[in-house]
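Student: This is the structure I have questions about; it appears just below.
The values are calculated or read from the model by the stated rules, or taken from the named source; none is laboratory data. None of the values given here were measured: they were computed from a predicted structure. Every residue, glycine as well, gets a Cβ built from its backbone with ideal geometry; the counts of neighbours run over all protein chains shown.
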Amino acid sequence: MRNHHTTFLCVVTGISCFFLGAILQQHVSIRNIKNIMNVDPYIFNCRRKLLFALALLGEKRKTGVSFTPIEPQCKDVDSVLGCTLFWFRLQCYKVFSFFFLNIKADEEQPKLSSSHLADIMKYGFPGLDDIRVYKSFVLSYDRRHRIAHWVCEHLRAECITTPLASDAPTKPSRGDQSIPVMFRATTQDYKYSDFVEGHLAAPNNYSCDTVQYNESFLLSNIVPQNRIMKNYVWQRLEEYVRQLTLKSGSVYVYSGPLYMPHRINFRNWAVRFTVIGMNTVAVPTHFFKVIISEHKNPGALPYMEGYVVPNAAVDKEIDLRSFLSDIRDIEHFAGLKFYEGVRRSMFNRP
């Protein structure tokens, strides 16, 4: 009889230790993912898949990435044994969390803390090629063309309304030292060309912070633009985004280049574009802006719209609404996917 009791106790002890060890390992793994994803955009982008894979003792919330203990749902279980296992699983988690993880039994596990990267990339990454994170924006760099694939920024009304200090140390356009020299554009590439330096993330969006303002002059954020288009249509579009920010308080903007095809004969199309400088910096045929304006009223749907502007001399007084474009067309020609993981029915459209 004693042998049976000893065997039973050994089995129970082994199962309990394994179960508690799994809980501890889950907690440590989730904590490490939280720390890493704040600085690594690739980990941040696939955080939901990683956390879902670690959801051994918790279930994923539909509205976020936090985890809560599984509540026993006896009505969904076919047997009494299944319901009992649910209850036992929950109680073990609460006891272990209270004594070892310093989490009260009646409280939810804390949500993932918001980070700088999470704030800017709230609506997802359009692409994951050579991601670079700055204080004012996040961009994907195109090493072949020496310009960005896309730039994402989060504009706030309080930053736009704050003027840049008159004695603030500003810096001119300069190469991005974080990019390898062989893939980096320089100011000399623009010096003797027919195009001027245009910004994807506009400097005037960051007058509240000198560091953010100066970051916008990195050549990784600069593209070759037609002078007339930049000085009139593109600047008016940037001003429209700022006015929209003042109205709504929070606006997310994706900007980037497009290389649009044109017909060369009845059956064939071609993509042709100019390059400038010794570093062969590509001159896009068009530029896009995808705008997401959040509503001040809680629960209201955000408003989104997209613009495509040709990189050529256009009428200075042309209505900006004439450049409105379907988001799917921008995705098709840019090779990007906006609002990854977000239902498009969650947005209002023009």
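Student: Scan region 217-238 residue by residue and report those that are within 23 Å of the chain's Cα centre (by Cα) and in a strand (DSSP E or B).
Tutor: Residues satisfying the conditions are L218, I222, V223.
Student: Looking for whichever is assigned to a loop (DSSP other than H, G, I, E, B) and among the aliphatic types (A, V, I, L, M) here; the options are V241, V314. Which one fits?
Tutor: On the way: V241 fails: assigned to a loop (DSSP other than H, G, I, E, B).
Of the residues listed, the single one that is assigned to a loop (DSSP other than H, G, I, E, B) and among the aliphatic types (A, V, I, L, M) is V314.
Student: Of the residues in region 216-233, how many are in contact with a Gly (Cβ under 7 Å, 6 or more places away or on another chain) and either β-branched (V, I, T) or outside the structural domain of K171 (by TED's automatic domain parsing) (or both)?
Tutor: So the count comes out to 2.
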